[in-house]
């Protein structure tokens, strides 16, 4: 096999790898066994396109309604989908955010975001950032999102931002759909230090 044929074969393998990844960061592509140079080559061929800085998608990747969540967590791996975005992911309540809400550890530096993917960040303490985290595999990658109970507790904690009505609606709808137990919600409220705030509403459900 000549040098030209060898390069073409490797480009084909790189194309297949990009299609398997779907939506990927440059680091993931390198980990798959291909140098950064091949990203440029695939971009030139049109077999991948750049979504945002350092984030790419194959020509065959379509994703689903959660694509923005995958994009956000690909760009910010420490982020956990939270608050209104987590409600939407769990199909709780009627909120439909136009931004992706991500929770970051309190010691994380404030990241820069791109206009094409509006993201809002909230700083969570170590305890609240680590509690009630689920991992979900979606088209294009994996996301971390807070459980329904933790999300409802967070909405009570951030009630001054969204209004207590949003938290109450989420609690009632999540309970109706059996997304959590009273014990789940009580534990999450305790971690978020809103147990006294949530207690009267818990009694409505009991």
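The values are calculated or read from the model by the stated rules, or taken from the named source; none is laboratory data. Since the structure is predicted, the reported quantities are computational estimates derived from the model, not experimental observations. Ideal geometry is used to build each Cβ from the backbone, glycine not excepted, and the neighbour counts take in all protein chains shown.
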- Note on the structure: Expected output for segment 121-144 (first residue on the phi > 0 side of the Ramachandran plot, partner assigned to a loop (DSSP other than H, G, I, E, B), Cβ below 6 Å, 6+ apart or cross-chain) is 132/147; 140/22; 140/63
- Just give me the residues in segment 40-83 being more than 19 Å from the chain's Cα centre (by Cα), loosely packed, with under 13 Cβ neighbours inside 10 Å and touching a residue at least 12 places away in the same chain (Cβ under 8 Å), in sequence order. 45, 46, 60
- Could you tell me which numbered condition residue 51 fails, if it satisfies all but one of (1) modelled with pLDDT under 80; (2) within 18 Å of residue 112 (Cα to Cα); (3) part of a loop (DSSP other than H, G, I, E, B)? (3)
- Task: Write out, first by first residue and then by second, each pair whose Cβ atoms fall under 9 Å of each other, whose residues are 6+ apart or on separate chains, and whose first residue, in segment 93-109, is assigned by TED's automatic domain parsing to the domain that holds residue 122 and loosely packed, with under 10 Cβ neighbours inside 10 Å while the second is modelled with pLDDT under 90 and not in a strand (DSSP E or B).
- Result: 98/118
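So that you can scan it fast, the table gives a plain yes or no per residue for (1) touching a helix residue (DSSP H, G or I) at 6+ places or on another chain (Cβ under 7 Å); (2) at pLDDT below 95:
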site	(1), (2)
124	no, no
129	no, no
142	no, yes
145	yes, no
148	yes, no
155	yes, no
170	yes, no
194	yes, no
202	yes, yes
- Item | All helices (runs of 4 or more DSSP H) inside segment 62-147 with 3 or more residues being within 18 Å of residue 171 (Cβ to Cβ) | 83-90
